[in-house]
Structure formats: C-alpha cells, structure tokens
1. What fraction of the Cα pairs in region 196-290, stated in percent, has a spacing above 16 angstrom?
2. Quickly rank 35-47, 5-17, 367-379, 52-64 as a protection proxy: mean count of other C-beta atoms within 10 Å, highest first.
3. Hey, could you get me the Stokes-Einstein D for region 350-435, Kirkwood radius over alpha-carbon pairs, 10 °C and 1.306 mPa s, rounded to whole µm² s⁻¹?
4. Take T339 and H372, extend 7 Å from each Cα along the Cα→Cβ direction, and tell me the distance between the two endpoints in nm.
5. Can you pull the one-decimal nm distance between simple spin-label points at D28 and K241, each 7 Å off the Cα toward Cβ?
6. Let me know the charge dipole size of the chain about its Cα centre in debye, to the nearest 20, where only the beta-carbon of Lys, Arg (+1) and Asp, Glu (-1) is charged.
7. When DSSP beta bridges are limited to those with both residues in region 140-307, what percentage is antiparallel, rounded to the nearest 5?
8. List the residues whose amide H sits under 5 Å from the amide H of C226, counting only those 5 or more places along or on another chain, with H placed 1.01 Å from N in the peptide plane.
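The values are calculated or read from the model by the stated rules, or taken from the named source; none is laboratory data. No experiment lies behind these values; they were computed from the predicted model shown. Neighbour counts run over all protein chains shown; Cβ positions are idealised from the backbone, glycine included. Just so you know, the surface numbers come from the protein's heavy atoms only, side chains and all, with ligands and any DNA or RNA stripped out. Shrake-Rupley method; radii C 1.70, N 1.55, O 1.52, S 1.80 Å.
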Amino acid sequence: MSEVRTLKVALLGCGNVGAQVARILIDDADALAARSGARLELSGIAVRTIDAPRDVELPRELFTTDADTLVKDADLVIELMGGIEPARSLILTAIQNGACVVTGNKALLAQDGPTLYEEADKAGVQLSYEAAVAGAIPILRPIRDSLSGDRITRVLGIVNGTTNFILDQMDSTGAQFADALAEAQRLGYAEADPTADVEGHDAAAKAAILASLSFHTRFSLDDVYCEGITQVSAADIASAKEAGFVIKLLAIAEKLVDADGGEGISVRVHPTLLPREHPLAAVRGAFNAVFIEAENAGELMFYGQGAGGTPTASAVLGDLVSAARRLVLGGPGRTETTTGHVPALAIDASNTSYYIGLDVADQTGVLARIAHIFAEHGVSIEIMRQTIHRDAASNVESAELKIVTHRASEASLAATVEAVKGLDVINSVTSVLRVEGV
Ligand code: NAP
C-alpha cells in the first residue's frame with residue numbers, strides 16, 4: 001500500500017473562524033485525511049499576540065508571529081486574518097511558493113481579487129473562498145461548478161445577517177432602525193461600529209464576488225451600486241407590510257438586455273420590497289439565503305447560517321479538502337472562467353418594479369392626474385391602492401396612495417417621482433423603494 005502523503009497547512013489568524021478551523025483540523029484529522037487522500041498537518045498558526053485568549057485550547061507551540069516564514073513552508077495556506085494587509089502580501093507569497101490558498105476575506109477579494117486570481121492562475125494553484133460569501137452556505141461552488149453547464153440570469157441574495165436581523169426586527173416589532181440596531185448590538189449580531197453592514201458595504205463586496213462567478217466576468221466593488229438600510233423607516237416597513245411586502249437588503253446581480261440587444265450586468269445592493277410569499281421573504285433573523293434563476297435549472301435557493309466561527313469554518317474546511325485532493329491528484333488548480341466580457345451597468349440602466357407611497361389631498365381627479373404623469377413617463381402602474389385618513393382635530397381628509405409599478409428604468413422612475421412631487425395635490429412622497437419578485 002502506498003504511503004499517505006502529508007500536506008503542511010499554515011493557518012493565518014486564530015479568531016472567531018480561525019480557532020474553529022484549527023480545532024476541526026486537529027479533532028477530525030483522520031476523517032479529513034480519508035476525504036483528502038493526504039494527512040493535513042497544521043504546521044503553525046500566525047497571530048498578532050501569541051498569548052491572547054482563544055475560544056479553543058490549542059497547543060502553544062503552534063503559535064507564531066512570523067507569518068511570512070510559516071507561509072513559505074506550507075502546501076496549503078488558510079488566510080483568516082481579515083483586512084487588506086498583510087493578508088494580501090501573505091496570500092501572494094503563498095501563491096508564488098506554489099501553495100493553494102483558502103480565504104474568507106471578502107473585503108480583500110472585492111478590492112483586489114483580480115490580482116490574486118491572476119497570480120493563482122499563473123502559478124497553477126487553487127485560490128478558494130467559499131467562506132467569503134454567506135458563511136456556511138455552499139453557494140460559490142454550486143455557481144462555479146454545478147451550474148457551469150447552465151446560464152445564470154439573476155442572483156438575489158440576503159448576504160448580510162446583521163441587516164437582515166435589523167429589518168426583521170423592524171418588521172416583526174414595528175421598531176425604528178436605531179432601536180433595532182441597538183438590539184442587534186446587544187445580542188452580538190452587530191458590531192460596535194456597524195457601518196460596513198448597515199451602509200451595505202459588506203453586502204456589496206459579496207455582490208461583486210457573486211456577479212463575477214455568475215457572469216464569468218470580473219466585477220469589483222467599483223461596479224456595485226450600493227445603498228444601505230439606514231434610511232429605511234418604521235413607516236416604510238409598516239406601509240410595505242400593509243401592501244403585502246417585506247423589505248430586505250438584497251445583493252442583486254442580473255443580466256439586462258437593452259433594446260439593441262446589448263447585454264450588461266447590473267450589480268447592486270439596496271433595500272428591496274419582496275412579496276411576502278417570495279422564498280427570500282421567509283429568511284428571518286440573521287440567516288442568509290441566495291436565490292438563483294438559471295435558464296435551464298429554473299429557480300434555486302440556498303439557505304443557512306451566513307456567519308459565526310463554526311459555520312464559517314465548515315466552508316473553509318470544504319475548500320481545504322478540495323484543494324488537498326487536487327494536490328494529491330496533481331493537475332492545475334480549479335480555475336474560474338472569465339470569458340463573459342459583459343460590461344457592468346450603471347444604476348440608471350437597471351430596470352425594476354417600484355413601490356411608491358404618496359400622501360395626497362383627497363380630491364376628485366387626483367388619481368387620474370397621477371396616473372397621467374406615470375403614463376407620460378412610460379412607467380406603467382401594476383397596483384394602485386388608496387386609503388382615506390381623517391385628521392380628528394382638523395377634520396381634514398387626506399389619502400394615502402400606494403403604487404406598485406411594472407418594471408421601469410431608474411431614470412424614468414426618478415423623472416416620474418420629480419413630476420409627481422410638482423403636483424399641487426401631493427402633500428409628500430412617503431416612500432420610493434425598489435421591488436423584486438412580482
Ligand atoms: P477575527 O476574530 O478578528 O480574527 C482575526 C485573527 O487574525 C486574530 O487571531 C488575529 O490575531 C489575527 N491577525 C489579525 N491581523 C494580524 C496580523 N497583522 N498578523 C498576524 N495575525 C493577525 O476575525 P474572524 O471573525 O475570524 O474573521 C476572519 C476572516 O474571515 C475575515 O476576513 C472575515 O471577513 C472572514 N469571515 C468571517 C466570518 C465570521 O462569522 N466571523 C464569516 C465569513 C467570513 P490575534 O488573535 O493575536 O489578535
């Protein structure tokens with residue numbers, strides 16, 4: 001019987017995710033060896049502070065602050081430090097030394113992924129990053145491998161657990177954004193500085209990765225239109241709810257074809273209304289899900305835990321075993337195809353349905369005047385509902401109008417809203433939100 005090969009695994013970072021990866025590598029060594037065809041020997045763990053408290057008890061001799069030396073002597077490198085530097089340089093060193101790399105660093109991939117992918121291609125090594133999008137959920141490999149014989153047309157993802165928790169709290173309790181955020185922080189779902197989550201930056205990094213794999217073209221953070229949830233009010237949520245919708249922060253990547261047959265990809269992150277019966281509407285709390293539409297497969301949904309040390313470690317280990325198998329069997333690393341060459345579209349070119357809330361004077365002919373403006377701008381109305389309110393003190397009646405449009409361009413919608421605002425019967429435009437899934 002031939003001797004089982006040993007592959008040296010360098011782990012960079014031993015925080016929430018890294019500590020769990022180290023634990024599994026040690027505790028499940030036999031099972032991982034059986035699945036990889038090689039023993040995966042944890043050769044060292046690079047950290048900033050050797051004696052920092054850890055979630056898992058690990059042999060002290062594994063720890064080092066010399067990440068560079070550790071990387072140069074490894075067959076497989078797992079980067080779980082986060083941030084741009086030194087993670088970027090260490091990954092490049094690993095690749096240039098012929099090591100396969102596994103990372104969960106979406107910020108780095110969204111910022112400088114193309115350099116890393118090209119270097120990995122040149123060196124013929126595998127660079128894998130399943131953990132970078134939607135934590136434990138196997139989503140990148142299904143897109144890259146299982147759906148490689150199909151054509152993806154659209155991806156809708158709830159890829160940030162913090163914002164999903166906040167919006168879900170607002171929806172279920174009627175809380176304002178600030179109170180729901182405070183609750184998320186109290187429960188550990190949001191960081192003390194929640195900017196990257198609530199402004200949509202984290203979801204935008206993941207949207208760039210999802211779009212790149214789905215449409216075989218490299219998109220970066222600069223290609224992603226990004227709007228967070230800080231402007232979503234309790235009133236928006238309540239009025240969406242009344243109309244049968246839920247508001248979710250979606251990462252969207254979709255192929256659009258213009259009137260001349262030109263194709264482009266709209267990659268965007270923004271609060272979106274979804275019908276309550278849409279599968280993504282059922283994603284509660286801090287869970288993540290990605291909904292894919294493909295020409296032949298139809299609709300698919302992937303659901304699970306989008307963060308957390310142990311769930312994310314599962315995705316990291318999956319990548320590690322796959323890279324180890326590749327090293328054992330030989331041959332080039334699994335590369336991605338970038339033959340799509342489709343341009344990223346500006347937000348003005350995107351095309352979606354809209355929900356518009358209007359506070360209007362209760363007068364005859366108001367509905368017709370509003371409908372006329374929509375028609376003039378080529379925006380067709382799918383649903384228009386009116387609710388009458390009477391102010392008890394003044395006894396003045398006003399009407400709340402809720403309009404859902406058919407798909408229209410951002411530019412036509414913006415022009416329509418501007419024109420509607422100019423009508424003397426409009427008290428205020430209470431909401432303008434994008435809608436998917438109708
Ligand atoms: P974390 O808890 O902050 O841990 C970071 C680790 O990296 C710590 O052990 C730290 O060392 C080490 N480190 C940081 N800078 C270093 C440097 N300059 N030199 C050496 N070591 C350094 O991070 P995490 O939550 O595990 O996340 C790791 C990566 O996974 C990030 O890219 C993150 O985006 C990604 N990710 C995380 C999750 C999640 O649920 N946490 C989910 C998906 C993806 P010390 O311990 O000595 O400070």
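1. Working: 2705 of 4465 pairs.
For region 196-290, the fraction of Cα-Cα distances above 16 Å is 61 percent.
2. For the peptides 35-47, 5-17, 367-379, 52-64, the packing ranking is 5-17, 35-47, 367-379, 52-64.
3. Value of D from the Cα-based Kirkwood radius: 122 µm²/s.
4. The modelled label-to-label distance comes out at 5.6 nm.
5. 4.0
6. Numbers: 35 positive and 58 negative charges, 170 e Å.
About 820 debye.
7. Given both bridge residues lie in region 140-307, the antiparallel proportion sits at roughly 95 percent.
8. V269
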